[in-house]
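What follows is a single structure, written as structure tokens, with notes after it.
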Amino acid sequence: MTLGPDSPTATAPSHQGAGFPPSDQKFQDGGRAAHGTESKSLSDESPAEDSDAVQEVEFKEGGYGWVVVFGVWLVNMHTWGLNSSYAVFLAYYLRSGTIIGASPLFFAFIGGLSVSIALLVSPAATHSIKTLGTRVTLFIGVIFETGSFIAASFSDHAWQLLLSQGVCFGLGLGFCFTATVGVVPQWFTKRRSFANALATGGSGFGGLTYALGANAMITNLGLEWAFRILAIICFVVNGSVCLIMKDRNKAVGAKHIPFHKDLFFQPEYWLFVGWGFFGIIGYIIVVFSIADYALQAGFTSEQASLASAMFNLSQALGRPAIGLLSDRLGRMNVAGIGTLIASVVAFFLWIFAGKYYAGLIIYALFGAVAGILWPCVGPVAAEVVGLQLLPAGNQKRLTPWGCIALSVYWIILVFPSTFAEVIGLSLKRETIGATVYLDVQVFTGFMFFASFLSMWLLRSWKLRQMESLGLDEKEQEAAIHNAAAVRPSEERKRGSASNTRQQNVVVSYVTNMFVMKRL
């Protein structure tokens, strides 16, 4: 279960952490020069660093990078895609009663637990990349994932399913995700957003394929052999990707730093967290509940699996489109508007049209905006903490903020990921028909709306930040891509700072929410 472009002159990202690489080596070097705060002089640089710099200048995007994109696409298909198909397993568990000692809330907890474990293990996986390398880290994930399906095929008690399909699968998902999520941006500059969105689209195709395939295998072969077949497929496909995966960590000087406490003192970072916190609650409720909702509304199991498949198809086709739109319209604009659309369709399409099968399919086709967090989180992180617009002399060195920010980000999202579906099922009414999910639908709509407000306030902060530096319109557009390349005059900075202090902060934030600008 997704990454961001930079300007045509930007280079590949310099950091790959437990998340998405945020900033470029060129940005860091340029930032030190622009602010007159180089941590060391050029004469002190080693020949190896000079060689890496030359290599970065000569690097041209694409090439073997497209092989890497295909490999990451396959991994996403057979990790996040399989995780999305848990909606089919959940619907089967709820109606079959085959697991001893399990309740409906327990099954909901299993789905959220796999996602939260994947996010929680990201610092350990980051350390593994640093010490063992990308391929070995990916293969560790493959072993965990394969083992989880084999163990689940022999599980008939609740605690066994918890350890296999919950914890073990989550470990495999986390190692595979962390190992591959930062590789694609290292191979692209101009089309970085599109390449990342294309790679993350594999999760949608996986959800489409395995939502239909898992239902068919459970119906015709039984639950046990469905798990075993999935284990074989995962090992063969993801194991093969280990052979072709190739990163550029040395070329771009990637650093793997899992944590930094200073992030907790940045208000804008908490707005960024709010966008993901509320958004992932809404997303997990929808992706895991849509099949059971279809059954509650009176549709067949085949129709329910098809609705889940259409939801994942929307993500498969929509994520590359989201990447292209982010290139043209701005990262924060697309992230915010997409989340708002997810809220609107939850309130109106899902509630009023979802009781009819055609209406449910139409709602499912908006799955791309429900999961907009995944293709947008990396680019937005770069805007928030990777590209710092600080006055000259206020910064001794530029730290790998985006790498650290995403590592901390995933850990914070563990809590909502774990309990989102539990909250969703606990809100189900004791009635018959589609109204069983009415409270769930309303709650989901409000979660997406809260996510939108967080992002739009964050966008206002970004606009105010650039205004406080006195950047004109052209410089503001340039700062969106490479903040360090822009250095306004001292006079303009002092004048703008004075105007900013005179302006009420609340009024400024509210006003900026209605400013139409590519951001």
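Summary table below
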read-out: P(r) histogram, all alpha-carbon pairs of the range 144-203 included - 5 Å bins from 0, percent; value: 4, 18, 19, 15, 12, 11, 10, 7, 4, 1, 0
read-out: Share of pairwise Cα separations in the range 85-211, more than 27 Å, in percent; value: 26
read-out: Chain lengthening between residue 430 and residue 131 when straightened (0.36 nm per residue, less Cα-Cα); value: 102.4 nm
read-out: Calculated diffusion of the range 294-371, Stokes-Einstein form, Kirkwood radius summed over Cα pairs, 4 °C and 1.567 mPa s, µm²/s; value: 99
read-out: Per-peptide average of other Cβ atoms within 10 Å, ordering 365-372, 208-215, 341-348, 155-162 highest first; value: 365-372, 208-215, 341-348, 155-162
read-out: Rounded to the nearest 10 Å², the accessible area of residue 154 at probe 1.4 Å; value: 140
read-out: Set 190/246; 355/428; 190/517; 250/517; 130/246 screened for pairs whose C-alpha atoms are more than 26 Å apart; value: 250/517
read-out: Two-site label geometry, residue 442 and residue 157: point separation in nm, points 7 Å out along Cα→Cβ; value: 4.1
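The values are calculated or read from the model by the stated rules, or taken from the named source; none is laboratory data. Nothing here was measured: the structure is a model prediction, and the numbers come from that model. So basically every Cβ, Gly included, is an ideal-geometry build from the backbone, and we count neighbours across all protein chains shown. Calculation scope for accessible area: heavy atoms of the full protein, side chains included, ligands and nucleic acids excluded. Shrake-Rupley method; radii C 1.70, N 1.55, O 1.52, S 1.80 Å.
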